[in-house]
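K.L.:
Shown below is the structure under consideration.
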Amino acid sequence: MNASAQISQDEAKRRAAARAAEFVRPGMRLGLGTGSTAAFFVDILGGMVRDGLDVVGVPTSERTRAQAQSLGIRLSTLDETPELDLTVDGADEFDASLRLIKGGGGALLREKIVAAASAKMVVITDASKEVTMLGRFPLPVEVDRFGMESTRRHIVRAIADCGLAGAVALRTGADGHAFVTDGGHCIFDCGLGAISDPERLAARLVAIPGVVEHGLFIGLATAVIIAGADGVRLIGAPD
């Protein structure tokens, strides 16, 4: 690949978001993801709304809610709108089986709840997020703040039971204090390197008292849109 063919990561994200916007139809109930890539989609959607598109969005974080409100996108909640047509969100990693790692932005619980309420989930990414085996990106595990050290030890044992190893570190913010999610929880980031059996690990983690949710998104994505220097490609079935 020559230098002239290369595009910036932000441009790749914008192109993927623009492709996802092509699947939006009037009257849709949309899940609005969180993160830098999803933010491009929300911006594009805001332009479509200004041009007359009528949709309703359910944001997956307070950050996305504020962005969508500033763009005039009509918003709802899952209590008011419990079934969605389409969620568009980013991912920290994905593989050829449409399995994802999400949660780098700290919104994994709400992202998973919204994705599970949606008939379709389209993931928008740049080419750097594609892996042959999940685990290069540290796996986030969201936990209740009560008894976190005990929960952390259970997580370590679950990882070992799956034949894996790696640091399980409490996520901290810029101020050095523990990062707290919109739901009031904390996150352990698990640096595993490679996860040979994501389904087994997911089952072990979700069974731990104190674990609220984990960042393995399995069986939720229906399509992934990948943008890179070679153009935009799609795997799965968005419609």
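The values are calculated or read from the model by the stated rules, or taken from the named source; none is laboratory data. What you see is a predicted model; the values in this text were computed from it and never measured. No Cβ is skipped: glycine too gets one built from the backbone with ideal geometry, and neighbour counts run over all protein chains shown.
K.L.:
Name the pairs: first residue in the range 15-37 and of a type in the set (D, E, K, R), second residue surrounded by fewer than 19 Cβ atoms within 10 Å (Cβ to Cβ), Cβ to Cβ under 6 Å, at least 6 apart or on different chains?
P.N.:
R15/V232; R19/V232; R29/V56; R29/T81; R29/D85
K.L.:
Is it fair to say A174 is closer than 30 Å to S8 by Cβ, more than 19 Å from the chain's Cα centre (by Cα) and of a type in the set (A, V, I, L, M, F, W, C)?
P.N.:
So A174 passes the test.
K.L.:
Starting from the range 151-175, keep only residues that are at pLDDT below 95, then list their pairs with residues that are surrounded by fewer than 19 Cβ atoms within 10 Å (Cβ to Cβ) whose Cβ atoms are within a distance under 9 Å, requiring at least 6 positions of separation or different chains.
P.N.:
Every condition considered, the pairs that remain are G173/F179; G173/V180.
K.L.:
Quickly run through the range 171-205 and pick out the residues that are closer than 18 Å to I159 by Cβ and of a type in the set (G, A, S).
P.N.:
Matches in the range 171-205: G191, G193, A194, S196, A202, A203.
K.L.:
Check D43, D79, D144 and return the single one that is without any contact (Cβ under 8 Å) to a residue 12 or more places away in the chain, surrounded by fewer than 23 Cβ atoms within 10 Å (Cβ to Cβ) and either farther than 20 Å from I218 by Cα or out of contact with any Ser or Thr (no Cβ under 7 Å at 6 or more places or on another chain) (or both).
P.N.:
Details: D43 fails: without any contact (Cβ under 8 Å) to a residue 12 or more places away in the chain; D144 fails: without any contact (Cβ under 8 Å) to a residue 12 or more places away in the chain.
Unique residue meeting the criteria: D79.
K.L.:
Here is a follow-up. Considering each of R25, R65 in turn, give the residue that is in a helix (DSSP H, G or I), out of contact with any Gly (no Cβ under 8 Å at 6 or more places or on another chain) and basic (K, R).
P.N.:
On the way: R25 fails: in a helix (DSSP H, G or I).
Exactly one residue qualifies, and that residue is R65.
K.L.:
For the range 78-98, which positions are in a loop (DSSP other than H, G, I, E, B) and within 11 Å of the chain's Cα centre (by Cα)? Spell out the reasoning first.
P.N.:
Start the filter on the range 78-98 by keeping residues that are in a loop (DSSP other than H, G, I, E, B), which leaves 78-83, 90-92, 95-98.
Answer for the range 78-98, where residues must be in a loop (DSSP other than H, G, I, E, B) and within 11 Å of the chain's Cα centre (by Cα): G90, A91, D92.
K.L.:
Hey, another quick one. Of the residues in the range 213-234, how many are under 17 Å from the mean Cα position of the chain (by Cα) and either of a type outside the set (F, W, Y) or farther than 26 Å from D182 by Cα (or both)?
P.N.:
Step one: list which residues in the range 213-234 are under 17 Å from the mean Cα position of the chain (by Cα), which gives 213-227.
Then drop every residue that is not either of a type outside the set (F, W, Y) or farther than 26 Å from D182 by Cα (or both), which leaves 213-216, 218-227.
Result for the range 213-234: 14.
K.L.:
Inspect all residues belonging to the range 170-184 and state whether any of them is in contact with a His (Cβ under 8 Å, 6 or more places away or on another chain) and surrounded by fewer than 21 Cβ atoms within 10 Å (Cβ to Cβ). Spell out how you get there, then give the answer.
P.N.:
As a first pass, look at the range 170-184 and keep what is in contact with a His (Cβ under 8 Å, 6 or more places away or on another chain): none.
No: zero hits.
K.L.:
Can you tell me which residue in the range 136-160 is nearest to H214 (Cα to Cα), limited to those that are among the β-branched types (V, I, T) and more than 20 Å from the chain's Cα centre (by Cα)?
P.N.:
Among residues in the range 136-160 that are among the β-branched types (V, I, T) and more than 20 Å from the chain's Cα centre (by Cα), the one nearest to H214 (Cα to Cα) is I155.
K.L.:
In the range 51-77, which residues are within 21 Å of the chain's Cα centre (by Cα) and over 20 Å from A115 (Cα atoms)?
P.N.:
Within the range 51-77, the subset within 21 Å of the chain's Cα centre (by Cα) is 56-69, 73, 75-77.
Matches in the range 51-77: Q69 only.
K.L.:
For the range 110-122, state whether one or more residues are in a loop (DSSP other than H, G, I, E, B), within 29 Å of V206 (Cβ to Cβ) and within 14 Å of the chain's Cα centre (by Cα). So that I can check it myself, show each step before the final result.
P.N.:
So in the range 110-122, the residues in a loop (DSSP other than H, G, I, E, B) come out as 117.
After this cut, where a residue has to be within 29 Å of V206 (Cβ to Cβ) as well, the list is 117.
Those still in the list that are within 14 Å of the chain's Cα centre (by Cα) too: none.
No: the range 110-122 contains no residue that is in a loop (DSSP other than H, G, I, E, B), within 29 Å of V206 (Cβ to Cβ) and within 14 Å of the chain's Cα centre (by Cα).
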